[in-house]
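Student: Sharing a structure below in structure tokens format, with a few things to ask.
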Amino acid sequence: MNLPGALPTLLLACCLICGQAQAFELSFPAPLRNNSHTYYAHLPGTQPDGLSFFEGFIRSLTVWMDASGNIRLSAIDEEREVCSDAGQGSTQNGVNTASFADDLCGDNSYFSGSTIAEALTQTSWNPSAIIESDIVFNGNRKRQFESLDHHFHHVAVHEIGHTLGLGHSAVRASIMVARLSQGRRDPVLSIDDLCALAMRYGSPEDCPILLGEGLSTSGLPTDAEFVGGATDDSGWTFRERFAPSDRITIYGTVVKDRTHAFRRGDLHVVASTEDGVLFARHADGNFHPLEDPENIPSAGELDVDLYAQDLVIMGTRHPDREPSVGPLIGTVYQLVGQTIYFYLAYSLKDRPGEYYYGSEPIRVSWPSG
């Protein structure tokens, strides 16, 4: 929205079946105002463990506060109006809420049909802060919340993550994954969740898979950050050494320089073998020899609406992502005894030839013996 004084809004859904996801996303560069939020949470009813839904909501807030230490979240057990008078689906009235409802302010499109959201979060923000967040839990699914262990807790933690400015994740271990499985165990924040939290409310150095210092090919300083790693257990752990039989996925996330928000550009991935042969990932998901290092092909478009954006660099097939990407050369068994180095970067359309990249690569090794 470009109207003077208007607050952009973002609708985020916690779904059983969703479209394309990211890993991790930051939807906009602004944090919570004063790093704090108070929710008016009117949530009548009881979970299977005997806790009221309100008590469960408080417990879910604590998950994020314990992980960060820099945010203050609280809730008041009081009913407040969720909807504004701006029309169907609008919640922008200056009050943070959490409630059960059969629709989002008259819009039931997300709570019915073949794609049913467990909950929706609508967030309003300006360039300096998140101003308001409203979480609406699907009242039509309340029986599931009352009968499935950990289900409300898991959905609540996920939706609170949205109110903090976090988007969806493709990392299956993540709380912020777009597809939640019913009856999952008591939720624990993954490395991916913790990195998103560090980028928004802590220090980049708090992310264990930070790819060194953000650099630019022009030598100009940048606050861009780059995160990534390889995993064979859905993102619970990231490591470097793998066996040829391991089914690995390599994730990378670009956190833009703050001055680059809302500008068009491209994502790039360059892979290097130990003997210096270079490959570039193309938009079709495959790696091809890089003939001109000063003109790196696009691996995908930079999303103008995201502050942090990911790319599944290489790995096993995701149900809602690009097809399985094969090894750089031959079969993975031909890479035994080698290490491949993956560098993550992005560029801007209005600065052709300049690249912003992480100083450290993602290292993936297939040791012999």
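Taken together, the values in this text are just the output of simple stated rules run on the coordinates, not laboratory data. Note that the structure is predicted; figures quoted are calculated from it, not measured. Cβ placement follows ideal geometry from the backbone for every residue including glycine, while neighbour counts extend to all protein chains displayed.
Student: Can you give the extra length, in nm with one decimal, that the chain gains between residue 140 and residue 95 once fully stretched, where that is 0.36 nm per residue apart less the Cα-Cα distance?
Tutor: Working: separation 45, 0.36 × 45 = 16.20 nm, distance 2.38 nm.
Full extension of this stretch gives 13.8 nm more.
Student: Now, a different point. For the stretch 140-151, take each phi angle, set θ = phi - 60°, evaluate the Karplus expression 6.51 cos²θ - 1.76 cosθ + 1.60, and give the result in whole Hz per residue in order, putting x for glycine and proline.
Tutor: Calculated HN-Hα couplings, in order: 5, 9, 4, 4, 5, 5, 7, 10, 9, 4, 6, 5 Hz.
Student: Residue-wise, which Karplus ³J(HN,Hα) couplings in Hz belong to the stretch 95-104, taking 6.51 cos²θ - 1.76 cosθ + 1.60, θ = phi - 60°, and x for glycine or proline?
Tutor: Per residue, the Karplus-derived 3J(HN,Hα) values read 10, 7, 9, 9, 7, 9, 7, 8, 7, 9 Hz.
Student: Efficiency by 1/(1 + (r/R0)^6): what FRET value for residue 350 and residue 147, r their Cβ-Cβ distance, R0 = 41 Å, to the nearest 0.05? Kindly include the intermediate steps, with their values, before the conclusion.
Tutor: On the way: r = 54 Å, r/R0 = 1.31.
Working from the Cβ atoms, E equals 0.15.
Student: Hey, rough spin-label estimate for residue 258 and residue 245, points 7 angstrom out along Cα→Cβ, what's it come to in nanometres?
Tutor: 5.0 nm
Student: For the pair residue 55 and residue 116, what calculated FRET efficiency results from E = 1/(1 + (r/R0)^6), where r is the Cβ-Cβ distance and R0 = 22 Å, to the nearest 0.05?
Tutor: Details: r = 26 Å, r/R0 = 1.17.
The value I calculate is 0.30.
Student: Once label points are set 7 Å from the Cα along Cα→Cβ at both residue 213 and residue 336, what is their separation, rounded to one decimal in nm?
Tutor: Calculated label separation equals 4.0 nm.
Student: DSSP beta bridges in the stretch 88-158, what fraction antiparallel, as a percent rounded to 5? Walk me through the numbers before you get to the answer.
Tutor: Details: 9 of 14 bridges.
Bridges in the stretch 88-158 that DSSP calls antiparallel: roughly 65 percent.
Student: Report the charge-dipole magnitude of the stretch 156-246 in Debye, nearest 20, computed about the Cα centre from +1 at each Lys and Arg Cβ and -1 at each Asp and Glu Cβ. Don't skip to the answer; put the middle values down first.
Tutor: Details: 7 positive and 13 negative charges, 72 e Å.
Dipole magnitude for the stretch 156-246 comes out near 340 debye.
Student: Around residue 170, which amide H atoms from residues at least 5 apart in sequence, or from another chain, sit under 5 Å from its own amide H, with H modelled in the peptide plane?
Tutor: Counting only residues 5 or more places away or on other chains, the set is 22, 23.
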